[in-house]
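S.K.: Sharing a structure here in structure tokens format.
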Amino acid sequence: MICFERQNESVTPAVVMLEKHGIEFGLHEYDRGEDLRDFGLEAAEALGLDQDQVFKTLLVDAEGGDAPRDPVVVVVPVSCMVSMKLVAAAVGAKKATMCDPSAAERITGYVVGGISPIGQRKQLTSVFDESVELFDTIYVSGGRRGLDISVAPMDLVGLLDGIVVPITA
């Protein structure tokens, strides 16, 4: 995989972080539709990709037990629903709930629909669904709406010191 030549608006903190660490990736820009409800499915459709290979990034609040104090980054296929029970178990929490969208934007530095697991303001605990291991390449948000990054999943997991476990319902 080679990083495509890009325009300045494609330089996001995610791109900068991947370049800084020498990780190979591709950039994939697409025209966004009018429907702002399901950004991940929109990306898969616009790029002509299998929905299982395109991953969405969610922020989850984990509470109780050994849970981290900060929210947890959850990376799951856009075709799946996340199991809050399994996420809580993965980080040693008693329960997990979706983070408020405005808090997620403030914490990550990205807008909802463009939240990348890469290059957030602070590196948070990252939990990946085990299905990342099925692919040589996965697609995640590049840090803005209409931009996805293709990357080898284990490069991404390693970069983020991620946990790979089953977390889909």
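S.K.: Once you've got the Cα coordinates, tell me which of K56/K95; K56/K94; K20/K85 are over 32 Å apart.
M.R.: Numbers: K56/K95 21 Å; K56/K94 24 Å; K20/K85 35 Å.
Listed pairs above 32 Å: K20/K85.
S.K.: May I ask for the longest run of the chain untouched by trypsin sites (Lys or Arg not before Pro) that are loop-located per DSSP and have at most 14 neighbouring C-beta atoms (other than their own) within 10 Å? Before the final figure, lay out each step's value.
M.R.: Working: sites that count: R6, R37, R69, K94, R121, K122.
Answer from the scan: 123-169.
S.K.: Now for a different question. Report, in whole Å, the centroid distance computed from the Cα atoms of region 63-81 and region 110-166.
M.R.: 13 Å
S.K.: Between V164 and residues 5 or more places away or on another chain, which pairs have amide H atoms under 5 Å apart, with H built 1.01 Å from N, and which residues are they?
M.R.: When sequence neighbours closer than 5 places are left aside, the close amide H contacts are F128.
Read-outs: derived from the displayed coordinates by stated rules, not from any lab. Keep in mind the model is a prediction, meaning the values are calculated, not measured. Heads up, the Cβs are rebuilt from the backbone with ideal geometry, glycines too, and the neighbour counts pull from every protein chain shown.
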